[in-house]
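Each remark here refers to the structure printed beneath this line.
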Amino acid sequence: MNYGQYNIVQEPARTIRALARQALQGRWLEAFILLIVAAAIQQVPVMILDRLPGSVFGVISTVYSIVASGIISVGVSYYFIKLFRQRQGGLDDLRYGLGFAQKAIVMNIIIIIKVFLWSLLFVIPGIVAGFRYSMANYILADDPNKDPGQCIAESSMMMRGNKMSYLVLCLSFIGWLTLASIPASIAQGAMMPQAMSYLNAGNLTSAELSEYFNSIARVASSPLVFLAGIPAYMVTAYMNTATACFYDLANGNLSVGGYDYAAAQGHVEDPFTGEDVKFTDVPAEVVPQEVPETFEDPELKAAEDKYNSDDNIYGE
């Protein structure tokens with residue numbers, strides 16, 4: 001069953017996780033390091049800017065966060081698509097989005113606005129919208145020739161009928177995420193008394209209330225919390241690989257029972273190397289080494305020989 005060219009994902013979460021673990025074999029550390037570097041690129045400048053005096057640095061911090069998030073998210077998606085499809089990848093993939101940075105940034109802004117507007121109705125519509133647009137980064141990474149609006153529309157179409165399956169997949173990681181978040185939770189708890197002291201004073205002025213929210217923001221973006229949150233990136237690598245698997249199941253590139261990919265859907269030039277990249281490469285281990293030109297059936301061969309013989313009853 002499918003909507004347009006996309007499939008309804010029928011495989012249970014445990015099967016998708018198993019395929020993700022298979023793809024991650026021998027590459028856990030590589031994926032873990034890439035996510036730490038990606039997070040550092042996005043968060044370290046924000047940590048610095050948030051601690052500088054003056055509201056202008058807060059504005060710069062917000063702008064940087066939006067721009068960096070758009071570019072880095074596409075690069076991370078590109079890496080995990082390659083990882084799941086058993087292709088070589090590494091830290092250079094984080095630069096991938098720079099080749100079409102404008103598209104990545106605009107798409108990120110549009111998604112933020114759409115999710116925010118849906119959230120104004122209630123929390124649940126905002127969550128649904130987040131799932132609706134969750135494949136947009138993967139679609140743009142898979143084919144950067146598409147424009148932001150097209151990627152968002154295709155993500156919405158791809159997730160039609162798949163949002164619940166993807167929610168179940170995400171929830172299946174909740175145990176690992178809870179364990180991995182314990183160090184960061186402890187670090188945040190140790191720093192919260194300083195922020196809460198503003199509330200305990202009571203009768204806050206507007207300046208004190210502003211300082212309270214700034215203090216909360218500094219806790220969330222503190223180096224200690226960032227370092228304590230590093231163990232969670234191992235789980236994030238697992239989740240991102242599973243999402244790449246879900247993406248390939250939904251778009252028809254993968255059928256469970258082995259890495260059985262469909263024929264390549266197109267070629268895109270790598271913006272840095274100029275390499276002609278085929279996005280749905282068939283892994284070499286599943287490509288038949290020798291394919292016979294013809295498949296002969298003995299009975300059909302005998303009938304053909306009799307037809308061509310002198311005993312042909314049709315007299316032709």
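Within region 138-168, can you find the residues that are among the small types (Gly, Ala, Ser), crowded, with 19+ Cβ neighbours inside 10 Å and under 21 Å from Pro12 (Cα atoms)? Once the filter is applied, which keeps residues that are among the small types (Gly, Ala, Ser), crowded, with 19+ Cβ neighbours inside 10 Å and under 21 Å from Pro12 (Cα atoms), region 138-168 yields Ser155, Ser165.
Residue-by-condition table, conditions (1) touching a helix residue (DSSP H, G or I) at 6+ places or on another chain (Cβ under 6 Å); (2) modelled with pLDDT of 90 or more; (3) over 28 Å from Phe32 (Cα atoms):
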{"site": "Leu171", "(1), (2), (3)": "no, yes, no"}
{"site": "Ile174", "(1), (2), (3)": "no, yes, no"}
{"site": "Asn200", "(1), (2), (3)": "no, no, yes"}
{"site": "Ser215", "(1), (2), (3)": "yes, no, yes"}
{"site": "Leu224", "(1), (2), (3)": "yes, no, no"}
{"site": "Ala228", "(1), (2), (3)": "yes, no, no"}
{"site": "Ala244", "(1), (2), (3)": "yes, yes, no"}
{"site": "Leu254", "(1), (2), (3)": "yes, no, no"}
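For region 83-113, taking the residues that are over 13 Å from Ala38 (Cα atoms), at pLDDT below 95 and among the basic types (Lys, Arg), the one that is surrounded by the most Cβ atoms within 10 Å (Cβ to Cβ) is identified as Arg85.
In the set (1) at pLDDT 95 or above; (2) surrounded by fewer than 18 Cβ atoms within 10 Å (Cβ to Cβ), the condition left unmet by Val76 is number (2). For region 2-56, residues that are free of Cβ contacts under 8 Å to residues at least 12 places away in the same chain, hydrophobic (A, V, I, L, M, F, W, C) and within 29 Å of Met159 (Cβ to Cβ) total 1. Annotation: of all residues in region 31-57 being touching a helix residue (DSSP H, G or I) at 6+ places or on another chain (Cβ under 7 Å) and β-branched (Val, Ile, Thr), the one that is farthest from Thr236 (Cα to Cα) is Val46. Checking each residue in region 60-87 for being part of a helix (DSSP H, G or I), over 17 Å from Ile112 (Cα atoms) and over 13 Å from the mean Cα position of the chain (by Cα) picks out only Ile60. For first residues located in region 154-172 and of a type in the set (Val, Ile, Thr), partners that are assigned to a helix (DSSP H, G or I) and surrounded by 15 or more Cβ atoms within 10 Å (Cβ to Cβ) and lie 6+ apart or on another chain with Cβ distances below 7 Å form the pairs Val168/Ala13.
Would you say Ser155 is within 14 Å of Met107 (Cβ to Cβ) and assigned to a loop (DSSP other than H, G, I, E, B)?
On the way: within 14 Å of Met107 (Cβ to Cβ): yes; assigned to a loop (DSSP other than H, G, I, E, B): no.
So Ser155 does not fit the description; no.
Of the candidates Leu117, Leu94, Leu140, the single residue that is on the phi < 0 side of the Ramachandran plot and more than 16 Å from the chain's Cα centre (by Cα) is Leu117.
The values are calculated or read from the model by the stated rules, or taken from the named source; none is laboratory data. All values derive from a computational prediction rather than experimental measurement. Cβ: placed from backbone, ideal geometry, glycine included. Neighbour counts: every protein chain shown.
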